[in-house]
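Student: First the structure, which I've put down as structure tokens, then a few questions once you've had a look.
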Amino acid sequence: MPKGRGVLTGSVTLPSHAGCPPGTTGSDAYSCLAVPTDGSGHGVWIRYGQSGDSGFGFLHALVDHNLDLAPIEVTIFNSAHGLPQPNGRYLYGEYYRSPSGQIDQYVEVYEERNEAANHDGHELGVVTAYCQGPGHAPEAGCPDWVNATL
């Protein structure tokens, strides 16, 4: 079940800012949470972000799509590189099978490599990340087992 648009329930443990350059961490929407690298060595920025219709980053994935940080990082890490999309963004994808072995889930992470709106000299990074079910059917929110498994 999604956690509810714009409402973060429960406690969230934030990462240790792995890979974030000095001076890029803080408490605003553009603060760096992590910069995991894909198989090509490209660092994908994950910013704190914001939820809602104009959301992006970690909070957008978590609050609006019930996808926590670990599955996002694993999806990026397990990808050789991002696949260029017609809109200029890059797609990272991962395929998961539930612990029972019966429910397929696809995790998709979209990255924007243009500079962030705060003009800090770094790319925006993860714009959104979400789950799709069998046959790539859209999910209202990622199943909890996806977050718990990774």
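The values are calculated or read from the model by the stated rules, or taken from the named source; none is laboratory data. Just so we're clear, the structure is a prediction, and the values are computed from it rather than from any experiment. All Cβ positions, even for glycine, are placed from backbone atoms using ideal geometry, and neighbour counts span all protein chains on display. Just so you know, the surface numbers come from the protein's heavy atoms only, side chains and all, with ligands and any DNA or RNA stripped out. Shrake-Rupley method; radii C 1.70, N 1.55, O 1.52, S 1.80 Å.
Student: Whether any residue in region 13-26 is assigned to a helix (DSSP H, G or I), at pLDDT below 95 and among the small types (Gly, Ala, Ser) is what I want to check. I'd like the intermediate steps shown before the answer.
Tutor: In the first step, residues of region 13-26 are kept if they are assigned to a helix (DSSP H, G or I); the result is none.
Among the residues of region 13-26, not one is assigned to a helix (DSSP H, G or I), at pLDDT below 95 and among the small types (Gly, Ala, Ser), which makes the answer no.
Student: For region 35-59, which positions are of a type in the set (Asp, Glu) and without any contact (Cβ under 8 Å) to a residue 12 or more places away in the chain? If you could, list the steps in order and put the result at the bottom.
Tutor: Initially, region 35-59 is screened for residues of a type in the set (Asp, Glu), giving 38, 53.
Across region 35-59, the qualifying residue is only Asp53.
Let's see how each residue does on (1) within 15 Å of the chain's Cα centre (by Cα); (2) more than 21 Å from Ala18 (Cα to Cα):
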| position | (1), (2) |
| --- | --- |
| Leu59 | yes, no |
| Leu62 | yes, no |
| Gln102 | no, yes |
| Gly141 | yes, yes |
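Student: Further, regarding this structure: Could you tell me whether Gly43 is closer than 25 Å to Cys20 by Cα and either of a type in the set (Ser, Thr, Tyr) or open to solvent by 30 Å² or more (accessible area, probe 1.4 Å) (or both)? Spell out the reasoning first.
Tutor: Values: closer than 25 Å to Cys20 by Cα: yes; either of a type in the set (Ser, Thr, Tyr) or open to solvent by 30 Å² or more (accessible area, probe 1.4 Å) (or both): no.
Against the criterion (closer than 25 Å to Cys20 by Cα and either of a type in the set (Ser, Thr, Tyr) or open to solvent by 30 Å² or more (accessible area, probe 1.4 Å) (or both)), Gly43 does not qualify.
Student: Show the residue pairs meeting these rules: Cβ distance below 6 Å; 6+ apart or different chains; first residue within region 60-85 and open to solvent by less than 50 Å² (accessible area, probe 1.4 Å); second residue at pLDDT below 95 and part of a helix (DSSP H, G or I).
Tutor: Within 6 Å, the pairs are Pro71/Val146.
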